[in-house]
Amino acid sequence: MFVIMTAKMSQSALCMYRLLRLRALRNHGSIEMFSKVTQTTRQDCFITTTCVNRVENDDTKLTRVLLPRRRSLSPLERVSSLLPQDSLTPEVEELRRPDQHHLENGHPRLFDTEATEANEEETGFSGIKNGGQLSDCASSEVAENQCNGASFQPKGETLLTFGEVLVAEYRKKGQVEFRKMFQLLARTQLQSSWGVILHEDIAGKPAGSFIKTHRGVSILIRRASLEDYVLFMKRAPTIAYPKEAAAMLLMMDVTEGDCVLEAGSGSGAMSLFLSRAVGTSGRVMSVDVRQDHLKRAVLNYNHWRTSWELRRGQPWPNNVEFVQANLCTDTSVLQDREFHAVALDLIDPHLVLPIVIPHLHSGAVCAIYLANITQVIDLLEGLRCSRLPLLCERIMELPSRNWLVAPALQKDGSYCIKKASITHDNFEEDDGALEKDQPKQEAAFGSIPYIARPHPVQLSHTAFLVKLRKYVQQPF
Ligand SMILES: C[S@@+](CC[C@H](N)C(=O)[O-])C[C@H]1O[C@@H](n2cnc3c(N)ncnc32)[C@H](O)[C@@H]1O
């Protein structure tokens, strides 16, 4: 009995001692977070302490256990710590500031420190210190690059120069109102409904600059990507659209050094994508029956190459051979040629297959672009009748759906604010148990509702793709 009583007494004495230690710690400001727990009710505190008493017998562990589980990083902390710090908007930096002030004051809250450590573990980046500058580097390669600064700069970045193909773009409320591809030329103006910009005012600027028209409207000036270029370039026949062109490259598994046959050349869009995929050591043979189409394809190809060389200071590979021939009848044009892949974009592909397929490597793919499903049926019927060693592996369409995702705005242009949901924290604040004098953050991260729905303007059907694989024919 005595032993039990003594044990009980010493247990409660230990409990009191630990409670006092904790209070002392709190008064030193070391664990402000804990104050939220201890300030609630005595009963809460007692329960917590009792629980700890059962589990721990060491002060350090006690402190750790008594603290609530490591607070999960807020969305703002998580997302913004993953972004390059110099890309954060002033708004986001402002929202992060209370935490930074806290660090700067030399009284880091335990949960803040842990949060920073967690970031470092997850991202390989050091935490944000000294007003958002990266002050410490983890050993990972990524972190080294971050610290090094210069290694994140694209090497040999060049300023916009005359002769380059550029795109001018104006967006209003996130929507593109104006987009135009043009070549930067001396003594020329960029005309738009939003005003005029002299090409001289663009030359020498970095790509991605906003330049004001004479009416004061800022227009984004950037270099044309290959996708922009093929969509905006002058056309003879309709082009293979970039999303299908990219899928065809995947289907054919085209890689650096490959030798690819393309028919027909048309306006040269697919030729450019193939040219890029096979690289300097590869070759593309692009065949078209019509001279005018071939001429347009060559012009478009050379125009892009010239712009590329001005941009990069090194030539685009000259790896496409444009040939005029009718692949339905001209058997000699492919003589002694072999291909790793074949890309067909013409009305009746089944008519050229008997001439083309003998020059395709066994096991390789012929990818076919067809606008209409009736053409797909004609192709399959043609295959059934021809007995060519081809397996139809896939018939596909690539729908792409644009979405409108943007902060909801009020009529006056300011952000709408989400209605606060009723949470446990709200109740505590209402009770006045937590810091009432904390400044309220306006439009805090996650407080703005977004509209998020399919865009009213959608790209319509472009094409069907058919993937044929050549197999080894068994001798009869
Ligand atoms: C739709 S266009 C190709 C567009 C091209 N893929 C592009 O991205 O710009 C079809 C081309 O196939 C060519 N063509 C049609 N039948 C042909 C044949 N039997 N032999 C060679 N070319 C042919 C046409 O002259 C036309 O230029």
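The values are calculated or read from the model by the stated rules, or taken from the named source; none is laboratory data. Here the structure is a predicted model, which is why all the values come from computation and not from measurement. With ideal geometry, Cβ positions are generated from the backbone for all residues, glycine too; neighbour counts draw on all protein chains shown.
Using beta carbons and a limit of 9 Å, which pairs, at least six apart or on different chains, have the first residue in the stretch 395-411 and assigned to a strand (DSSP E or B) and the second one of a type in the set (Phe, Trp, Tyr)?
Listed pairs, sorted by first residue: Ile395/Phe464; Met396/Phe464; Glu397/Phe464; Val405/Tyr450; Ala406/Tyr450; Pro407/Tyr415; Pro407/Tyr450; Leu409/Tyr415.
What is the number of the single condition among (1) assigned to a helix (DSSP H, G or I); (2) within 16 Å of the ligand (Cβ to nearest atom); (3) surrounded by fewer than 20 Cβ atoms within 10 Å (Cβ to Cβ) that Met251 does not meet?
Going through the list (1) assigned to a helix (DSSP H, G or I); (2) within 16 Å of the ligand (Cβ to nearest atom); (3) surrounded by fewer than 20 Cβ atoms within 10 Å (Cβ to Cβ), Met251 breaks only (3).
Please specify each residue of the stretch 192-208 satisfying the condition of being closer than 21 Å to Arg171 by Cβ and outside any helix (DSSP H, G or I). Show your work before the answer.
Residues of the stretch 192-208 that are closer than 21 Å to Arg171 by Cβ, as a first pass: 192-197, 201-202, 205-208.
Scanning the stretch 192-208 gives Ser192, Ser193, Trp194, Gly195, Val196, Ile197, Lys205, Pro206, Ala207, Gly208.
Please determine, by comparing only the residues of the stretch 360-374 that are surrounded by fewer than 20 Cβ atoms within 10 Å (Cβ to Cβ) and within 14 Å of the ligand (Cβ to nearest atom), which one is farthest from His293 (Cα to Cα). Write out each step before concluding.
To start, the set of residues in the stretch 360-374 that are surrounded by fewer than 20 Cβ atoms within 10 Å (Cβ to Cβ) comprises 361-364, 371-374.
Filter once more, keeping what is within 14 Å of the ligand (Cβ to nearest atom): 371-372.
Numbers: Ala371: 18, Asn372: 21 Å.
Among those residues, the one meeting the criterion is Asn372.
Could you list, in sequence order, all residues of the stretch 296-329 that are surrounded by fewer than 16 Cβ atoms within 10 Å (Cβ to Cβ) and among the charged types (D, E, K, R)?
Once the filter is applied, which keeps residues that are surrounded by fewer than 16 Cβ atoms within 10 Å (Cβ to Cβ) and among the charged types (D, E, K, R), the stretch 296-329 yields Glu309, Arg312, Glu321.
Does the stretch 379-400 include one or more residues that are under 30 Å from Ile448 (Cβ atoms) and more than 16 Å from the ligand (Cβ to nearest atom)? Talk me through it step by step, then tell me what you get.
The first filter runs over the stretch 379-400 and keeps only residues under 30 Å from Ile448 (Cβ atoms), leaving 400.
Applying the additional criterion that residues be more than 16 Å from the ligand (Cβ to nearest atom) yields 400.
Checking the stretch 379-400: at least one residue is under 30 Å from Ile448 (Cβ atoms) and more than 16 Å from the ligand (Cβ to nearest atom).
Give the number of residues within the stretch 302-334 that are in contact with a helix residue (DSSP H, G or I) (Cβ under 6 Å, 6 or more places away or on another chain) and among the hydroxyl-bearing types (Ser, Thr, Tyr).
Count: 1.
Would you check which residues across the stretch 224-247 are under 15 Å from Ser265 (Cβ atoms) and either near the ligand (Cβ under 10 Å from one of its atoms) or in contact with a Pro (Cβ under 8 Å, 6 or more places away or on another chain) (or both) and list them? Before the answer, list the steps.
We begin by selecting, within the stretch 224-247, every residue under 15 Å from Ser265 (Cβ atoms); these are 230, 233-240, 245.
Selection gives Val230, Met233, Arg235, Ala236, Pro237, Thr238, Ile239, Ala240, Ala245.
Consider Ala277 carefully, then state whether it is in a strand (DSSP E or B), more than 8 Å from the ligand (Cβ to nearest atom) and crowded, with 16+ Cβ neighbours inside 10 Å.
Working: in a strand (DSSP E or B): no; more than 8 Å from the ligand (Cβ to nearest atom): yes; crowded, with 16+ Cβ neighbours inside 10 Å: yes.
No: the conditions fail for Ala277.
Filter the stretch 209-248 down to the residues that are without any contact (Cβ under 8 Å) to a residue 24 or more places away in the chain, part of a strand (DSSP E or B) and either at positive phi or β-branched (Val, Ile, Thr) (or both) and list them by number.
Selection gives Ile211 alone.
Quick one: would you say Gly266 is on the phi > 0 side of the Ramachandran plot, within 12 Å of the ligand (Cβ to nearest atom) and modelled with pLDDT of 95 or more? Talk me through it step by step, then tell me what you get.
On the way: on the phi > 0 side of the Ramachandran plot: yes; within 12 Å of the ligand (Cβ to nearest atom): yes; modelled with pLDDT of 95 or more: yes.
Answer is yes for this residue.
Does the stretch 320-338 hold any residues that are near the ligand (Cβ under 9 Å from one of its atoms) and hydroxyl-bearing (Ser, Thr, Tyr), and which are they?
Correct list: Thr329 only.
Select from the stretch 285-300 the residues that are part of a helix (DSSP H, G or I) and more than 6 Å from the ligand (Cβ to nearest atom) and list them in ascending order. Lay out the reasoning, then the answer.
Initially, the stretch 285-300 is screened for residues part of a helix (DSSP H, G or I), giving 291-300.
Scanning the stretch 285-300 gives Gln291, Asp292, Leu294, Lys295, Arg296, Ala297, Val298, Leu299, Asn300.
Restricting the first residue to the stretch 328-350 and requiring it to be within 15 Å of Val260 (Cβ to Cβ), which pairs with a second residue that is within 9 Å of the ligand (Cβ to nearest atom) and among the aromatic types (Phe, Trp, Tyr) meet a Cβ separation below 6 Å and a spacing of at least six or different chains?
Close Cβ pairs satisfying both conditions: Asp345/Tyr369.
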